1. Residues that are over 33 Å from the mean Cα position of the chain (by Cα) and at negative phi: list the strands (runs of 3 or more DSSP E) wholly contained in region 29-74 that include at least 2 such residues.
2. Test of understanding: among GLY540, GLY517, GLY558, which residue is in contact with an Asp or Glu (Cβ under 8 Å, 6 or more places away or on another chain), surrounded by fewer than 21 Cβ atoms within 10 Å (Cβ to Cβ) and within 30 Å of ASP165 (Cα to Cα)?
3. Can you tell me which residue is most open to solvent (accessible area, probe 1.4 Å) among those in region 318-341 that are modelled with pLDDT of 75 or more and of a type in the set (A, V, I, L, M)?
4. Answer yes or no as to whether GLY352 is outside any strand (DSSP E or B) and over 22 Å from CYS421 (Cα atoms).
5. Residues in region 223-242 that are aliphatic (A, V, I, L, M), open to solvent by 60 Å² or more (accessible area, probe 1.4 Å) and in contact with a His (Cβ under 8 Å, 6 or more places away or on another chain): how many?
6. Among the residues of region 451-464, is there at least one that is crowded, with 22+ Cβ neighbours inside 10 Å and over 14 Å from the mean Cα position of the chain (by Cα)?
7. Could you list all residues from region 374-421 that are in contact with a helix residue (DSSP H, G or I) (Cβ under 6 Å, 6 or more places away or on another chain) and of a type in the set (S, T, N, Q)?
8. So the check is Cβ under 6 Å with 6+ separation or different chains; which pairs have a first residue in region 397-421 that's among the acidic types (Asp, Glu) and a second one that's part of a strand (DSSP E or B) and surrounded by fewer than 19 Cβ atoms within 10 Å (Cβ to Cβ)?
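The values are calculated or read from the model by the stated rules, or taken from the named source; none is laboratory data. All values derive from a computational prediction rather than experimental measurement. Cβ coordinates were reconstructed from backbone atoms using ideal geometry, including for glycine residues, and neighbour counts include every protein chain displayed. Surface accessibility is based on the protein's heavy atoms, side chains included, excluding ligands, DNA and RNA. Shrake-Rupley method; radii C 1.70, N 1.55, O 1.52, S 1.80 Å.
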Amino acid sequence: MPAQRIILAEPPFQPGPQAGLWERGVWPARWIQPDGAPAEGVVLWLARLIIDLPHAAVVRIHVTADERYDLSLDGERIGRGPERGDIDHWPFESFDLTLAAGTHQLLARTWHLGSEHAPTAQLSVHAGFLLAAEGEHAGRFATGTAPWQTHALGGHQLVPGATHDTGSRLLVHTADVHWPALAGQGDGWTPAVATRPGIDGHLCSWWHRHWRLVPAALPAMRQQPLALGVLRHLQALVATDLDLSGLPVFAHQHLAPEAGAWAPLLAGQALSIPARTSRRAIIDLGAYHCAYTTVTVRGGAGSALRLHWTEALWEPQILTQGWPFESRAKGQRDVIEGKVFRGQGDAAVISGGGPHRIEGLWWSAGRYLELVVHTGAEALVIERLVLTETGYPWQVTGRFACDDPSLAGIEELAIRTLRACTHETFMDCPYYEQMQYIGDTRLQALVGYVLSPDDRLVRKALAMFDASRFPEGLTRSRYPVRDPQVIPGFSLWWVAMVHDHARWRDDLPFIRSLMPGVRMILECFRVSRRDDDLVACPEGWNFLDWVPTWDAGQSPGGAVSASLQWHLAGVLGMVAELEEALHEPELAMRNRAWAQRLSQQAWSVFWDAPSQRLADDREHRRFSEHAPALALISGCLTPEQQRLAAASLSGPGPFEPVTIYFAHYLFEAYRVMGRGDLVLARLDLWRALPARGLTTLIETPEPNRSDCHAWGAHPVFHFRASLLGVRPSGLGFRSLTISPSLGALTTASARIPHPRGEVLISLERSGPGLSGEIELPPGTSGELLWCGSTLALHAGRQQVQVAAL
């Protein structure tokens with residue numbers, strides 16, 4: 001391999017013992033940019049270095065850019081980046097290049113889209129590219145030292161995308177592109193302008209608004225070929241407009257005799273479209289994917305081409321308009337008849353010649369592609385249409401099986417959704433926002449713990465949210481992001497994420513580094529205590545769940561809702577456990593005492609005796625499943641209160657039900673109640689999705705916006721942790737409890753990643769008894785709890801058999 005990706009634990013250029021204060025953390029390379037690059041705005045450019053090596057060598061390089069780069073060595077792409085971060089934690093990627101003696105070329109396609117066109121999750125200072133090298137050849141490679149050259153990426157125009165949060169897309173004018181430059185050749189190259197030196201965290205922070213370099217935490221994203229699926233519709237067009245968002249699809253307009261001629265394109269071969277022809281082709285990938293798109297064209301002077309992606313086609317009529325978003329019905333996702341294609345992607349105006357390779361800057365997401373082509377006086381040949389699937393390279397080793405086949409279908413959808421929503425960060429959705437929200441991320445992380453031993457993405461998320469903190473102590477609700485947003489409850493869920501990681505993984509030093517931020521969040525809520533000992537929500541968006549009757553997802557209890565009280569009480573108990581592990585018993589005692597006072601006061605205020613229910617508000621006018629669920633999982637209720645709360649959840653009544661996201665916390669309450677049957681009963685929404693043509697999990701009940709929202713993947717966690725009941729019973733997963741609550745299931749088995757190996761469990765229920773086999777990794781002990789019986793478990797494989805007491 002000419003290049004191998006390396007992940008570093010520390011920055012490469014450590015300060016020597018004699019380094020002066022101002023030398024610490026300074027890299028032997030400088031940022032470069034094109035001559036005349038603006039301080040703000042769009043800069044699309046190429047950076048080139050031609051190196052002559054006197055002898056073969058292995059050279060380690062470190063690369064980054066603002067905002068993005070893709071890097072090639074001798075015409076072969078070796079990496080994309082940098083992975084997303086913030087200004088104080090700006091990642092760089094590292095590669096070992098294996099180079100023969102002779103001439104080599106490094107070529108970086110680099111871009112800076114500015115605040116108007118960049119994705120909302122993309123932070124930036126200004127356009128720049130940095131490459132540093134180690135060893136004897138460092139000076140031959142380093143930007144600012146070696147003779148790097150730049151070239152404008154002409155002919156590439158940015159146009160706003162259909163969803164502004166994901167950034168603008170490309171309109172390529174092939175006549176204006178300097179095609180030799182895209183291969184690192186031709187004329188027009190000018191010397192790069194060197195600016196500031198690269199610096200990392202060892203330097204004192206006197207540099208204003210400068211990138212503080214940190215090693216990339218993640219492996220390279222997946223890059224694998226994606227099949228093009230099937231042609232669902234081919235239509236002749238009259239107009240030459242590329243925007244067909246209002247044009248419905250009708251079967252009687254399908255050109256069936258001509259459709260066979262398009263088969264070579266879908267098989268990776270060339271397609272010739274005659275002169276003066278306009279066509280619309282809709283391609284169905286068969287399932288949801290995230291992929292980079294590349295189109296290679298030849299000829300076709302006077303042609304125009306557009307390739308857009310969408311999750312599903314829409315009914316023409318708008319159902320609702322306004323907060324939180326415009327709503328249209330999608331209906332059966334397999335059906336395209338009578339629907340409109342509203343998507344986003346890249347386009348090109350073609351001047352002939354070629355072949356020309358047109359490649360977008362960023363990946364697209366969805367299931368359906370719409371290719372619109374208008375040819376001029378010359379036939380256009382589409383030599384290849386290539387999709388390269390991308391996403392975080394999960395190594396899924398976890399398994400689950402049972403005698404209810406519908407759960408396997410849910411698991412398949414959930415894992416595909418998780419893959420589509422995890423890239424350089426966790427994402428709420430890949431189509432609309434591509435932002436890392438705490439509420440979504442916590443549930444995705446829990447799913448990740450039971451599927452994969454790889455927790456690097458979780459660790460990065462925990463650290464990034466910690467870095468997002470406002471001065472008063474709360475984190476941003478989503479990060480990295482240019483636009484600040486505060487959801488105070490999400491700051492509490494970040495604290496819960498810290499506790500989750502402390503239990504499901506064994507990394508107490510990392511947890512210790514996060515505790516100052518954990519304590520700051522609790523103090524922010526502590527200063528919000530009222531005279532009646534309840535807590536008012538700090539200022540921000542008090543989002544809880546997308547309940548249709550609630551205002552913007554906020555509990556009707558307002559700033560002093562019942563849900564907030566038990567949400568905080570439960571988190572206080574989590575932090576108390578962390579403080580005890582870190583030898584802070586006084587802080588643990590303080591948090592537990594506060595949690596108990598808060599819970600008892602909340603019960604006295606929100607318990608509605610006539611209806612035997614917990615109200616959302618102090619006036620006892622509004623009720624939902626959310627408050628009793630959070631009360632049950634808080635661990636703060638008395639036995640009698642727990643009985644009453646459980647009865648109110650499982651009985652009839654005028655409750656607002658939870659939606660897909662908050663069902664996780666309802667399932668947690670069912671686990672406390674020992675009611676796996678209720679978990680299984682509430683999975684009907686998930687079970688129904690494949691019959692509606694969905695291949696991923698939706699954001700909310702219909703009418704739904706996002707067809708791929710990984711907060712709905714949490715049943716994968718509950719299959720293992722609630723139905724089979726496998727959970728850490730302390731920090732570091734050194735001990736565990738297996739407390740099955742199988743409902744109607746008679747057999748269930750799982751393979752669950754563990755810090756020291758795997759937990760293997762296979763159980764079968766026969767009447768009141770339970771039998772099977774359990775294997776625990778080295779250094780791990782546990783208990784099997786079943787209907788009042790307790791069986792001690794040890795490391796290694798063991799046969800188990802227990803009967804109900």
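1. On the way: elements: 43-53, 57-66, 68-73.
Passing ranges, in order: 43-53, 57-66.
2. GLY558
3. The initial filter retains those residues of region 318-341 that are modelled with pLDDT of 75 or more, namely 329-341.
Okay, now just the ones that are also of a type in the set (A, V, I, L, M), so 329, 335-336, 340.
On the way: ALA329: 28, VAL335: 60, ILE336: 15, VAL340: 5 Å².
It comes out as VAL335.
4. On the way: outside any strand (DSSP E or B): yes; over 22 Å from CYS421 (Cα atoms): yes.
Taking the combined requirement at face value, the residue satisfies it.
5. Selection size over region 223-242: 0.
6. Yes: region 451-464 contains one or more residues that are crowded, with 22+ Cβ neighbours inside 10 Å and over 14 Å from the mean Cα position of the chain (by Cα).
7. The answer is SER406, THR417.
8. ASP403/THR747
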